[in-house]
1. Please state which one of B:Leu17, B:Leu7 is assigned by TED's automatic domain parsing to the domain that holds B:Tyr180, open to solvent by 40 Å² or more (accessible area, probe 1.4 Å) and either farther than 22 Å from B:Ala168 by Cα or basic (Lys, Arg) (or both).
2. Please go through (1) within 12 Å of B:Val162 (Cα to Cα); (2) open to solvent by 70 Å² or more (accessible area, probe 1.4 Å); (3) touching a Phe, Trp or Tyr at 6+ places or on another chain (Cβ under 8 Å) for B:Asn47 and return the number of the only condition it doesn't satisfy.
3. Which pairs have Cβ atoms under 6 Å, sit 6 or more apart or on different chains, and link a residue in the stretch B:222-236 that is assigned by TED's automatic domain parsing to the domain that holds B:Phe261 to one that is in a helix (DSSP H, G or I) and at pLDDT 80 or above?
4. So if I check each of B:Ser131, B:Ser81, B:Ser111, which one is on the phi < 0 side of the Ramachandran plot and not in a helix (DSSP H, G or I)?
5. Quick check on my filter: what residues within the stretch B:161-179 are in contact (Cβ under 8 Å) with a residue 60 or more places away in the chain and open to solvent by less than 50 Å² (accessible area, probe 1.4 Å)?
6. Please return the ranges of helices (runs of 4 or more DSSP H) entirely within chain A where 1 or more residues are within 11 Å of another protein chain (Cβ to nearest Cβ), out of contact with any helix residue (DSSP H, G or I) (no Cβ under 8 Å at 6 or more places or on another chain) and under 19 Å from B:Asn259 (Cβ atoms).
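The values are calculated or read from the model by the stated rules, or taken from the named source; none is laboratory data. No experiment lies behind these values; they were computed from the predicted model shown. Note that we place each Cβ from the backbone using ideal geometry, even for glycine, and neighbour counts take in every protein chain shown. The protein model used for the area step is the full one, side chains on, heavy atoms only, and it has no ligands, DNA or RNA in it. Shrake-Rupley method; radii C 1.70, N 1.55, O 1.52, S 1.80 Å.
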Amino acid sequence: MTIEQDCLAVLAQELGPAAKSFLLRQCRSHLNKEPATLEKSDIENLAKWCQAGIQMAIGAQVAENVRKGILALKQKP
Amino acid sequence: MKIRRKLLLSYLLIVGLFVAAGATITYNTMKMADLQNTAKTQLEINNNAYAYQQGLDQIQFGTLMYASNDTSEGQRIIVASAEIMQPSETYLLNALANDPALLAEFNQVVSLDRNEVNGAVSQIYNIYTSSENDTVKYVDIWGQLSNLMNAVNQGDIILADVRSTTLANVNNANVAAQNYANMSLIVAIVFLALISAISVFLAVVMGSRITGPLKKLADIAHKVSLGDLNQRFYLKQNIDIKTGDEIDELVDSFRRMVNAFRMTQALSNDAEEPMETKPQ
């Protein structure tokens, strides 16, 4: 699985069908790249921006869950 | 635990109680049938002991008639008594094989019959048909009649004891059967009450555990369907609803769906006002 797919899997747990467009939006707006080009070094930043976005739209608890989920991808080989 | 497993376990609990009650009542019924057979056998023993006792008395009566010169009627009665006693003796020797105490008592009576009673009857017959003078004959016959009456009397006493023992056994069997019947009644009432109480309890608890969360979810779904996505109540409800079954999965899916709505709404508004800068 690519990093994009891993991130989508984490986001889909909380956002369902909105995960893909949300990831696309965060990558383009804050990382200035396409989700398909995500690298391990982007994970920390991505986690931060996903948390910020979800906290605004949904809530702190869900945002924190997503942040932890994305950061856990760093440990994945 | 899944709803189906919960319902199955509840059902098994009630079925288990029914099986336990049924097994207990069946066991009691079987014991009552055994006791009924015991009572029947004891009554049969009692009847045969009575027949044997009657036979002994008839031998005594027939011998008296024989000695009183009514030889043909005396012989007929003695033969008839033997016909009564023989089947009774055979039955009693078989039936009392499992009861050593009663068998020993009955063997005493049989021994009295074979030795003292038959011996006295034979002696009386021999004396009666001998060529002695009448005075000597009647003195000898009277002596043998006295022996016969003593033997028959002893036999009567022993057989009366056998009969009273069998009647006591019948009474004990009836009391025990009554106890089993009472126990069956109590078991039936207790289990019926227990099963009813548990059924009602399970129906109420299971019903509220299944319908309660569904009702909460239905309320949330209703508000969401009316466009109320800004409220956080569904998150709170999600914490409240923790059943560990399919309802939990449904709540998770519903929560995800609402999150998707909220996120889609936020993304569509994003062009006008970036998400991360919106006031919370």
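1. Values: B:Leu17 fails: open to solvent by 40 Å² or more (accessible area, probe 1.4 Å).
It is B:Leu7.
2. (3)
3. B:Val224/B:Val258; B:Leu229/B:Phe261; B:Leu229/B:Arg262; B:Tyr234/B:Ile220; B:Tyr234/B:Val258
4. Numbers: B:Ser81 fails: not in a helix (DSSP H, G or I); B:Ser111 fails: not in a helix (DSSP H, G or I).
Result: B:Ser131 is the single residue among B:Ser131, B:Ser81, B:Ser111 that is on the phi < 0 side of the Ramachandran plot and not in a helix (DSSP H, G or I).
5. Passing the criteria: B:Val162, B:Thr165, B:Thr166, B:Asn169, B:Val170, B:Ala173, B:Ala176, B:Ala177.
6. On the way: elements: A:3-15, A:19-26, A:43-57, A:60-72.
Hits in chain A: A:60-72.
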